[in-house]
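The values are calculated or read from the model by the stated rules, or taken from the named source; none is laboratory data. Note that the coordinates shown come from a computational prediction; the quantities given were computed from them, not determined experimentally. Reconstructed Cβ throughout: ideal geometry from the backbone, glycine too, with neighbour counts over all protein chains shown.
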Amino acid sequence: MVEGSKTRVSKKSNKTKADLAMSAILKYIKSNNLRMGDRLPSEREMAEMFSTGRPAIREAIKVLCMMNILEVHPQGGTFISSFSSNSTYDQFKLFLQSGHINMEEIFETRLILETECIALAAKNITDEQLEEIRRNISSVDIENAEEFAEADRALHNAIYASTGNRALEYLMQTVKMWTVVSQGFTNSFEEVRRIVHNDHLAIYDALCKHDSELSREAMRKHIMHLDRIHHVSDTVMRNELAKLLDKEEF
């Protein structure tokens, strides 16, 4: 096993324990110059190394696997995944591993791209595409985190397709990888899913009006909500969200 310095997961950070564990794992990969195919320490060992619990390590590994940075081999352990060095996705992974981008930059980029994307979609969206989005939103089970995540991805895909611009749609497909970073956190709390669902309803209403400015503003609020939610500490998550919902600050 490659040795690494003991990195503590700070309890004072506004990030979740899983977020901090993910950062610690990426830092460990970078500092030990691990390559594809290299094996990581066990969950228990990493929990001890990073002074955190195994559930946080397990959730961090799950997210990193979704991003294709790690892969888990049954009975074999956790490894750095294999990848093609030429793809945009892999470049993004390398940026994450090196610490050259952070969550604030990801949300800022989404804010720029997705607001303009939906503004174009509002002009070009068809009745059939609106009906697809309506069915998606109306049928989703907010209590089911996995189903909600799939519906979330489907909604954004429908918006990209509705632009009528194939080059933009292709570009936005690369943006989808960034949503994976926050999606695991977002789907962990039903209160957050309720906020996101309300955002989706507002987005749908704006698209139905074919109003670019209204759609742009609805998407802007959605991204800003996600950004704010991401900064809420997991230790006060439920209390803070309850207060925000009561005050209708979202």
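A compact table of results
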read-out	value
Scope region 149-166; condition under 13 Å from Leu207 (Cα atoms) and under 15 Å from the mean Cα position of the chain (by Cα); matching residues	Leu155, His156
Test result for Gln129, modelled with pLDDT under 95 and either buried (at least 17 other Cβ atoms within 10 Å of the Cβ) or touching a Ser or Thr at 6+ places or on another chain (Cβ under 8 Å) (or both)	no
Verdict on Glu169 being touching a Ser or Thr at 6+ places or on another chain (Cβ under 7 Å), free of Cβ contacts under 8 Å to residues at least 24 places away in the same chain and acidic (Asp, Glu)	yes
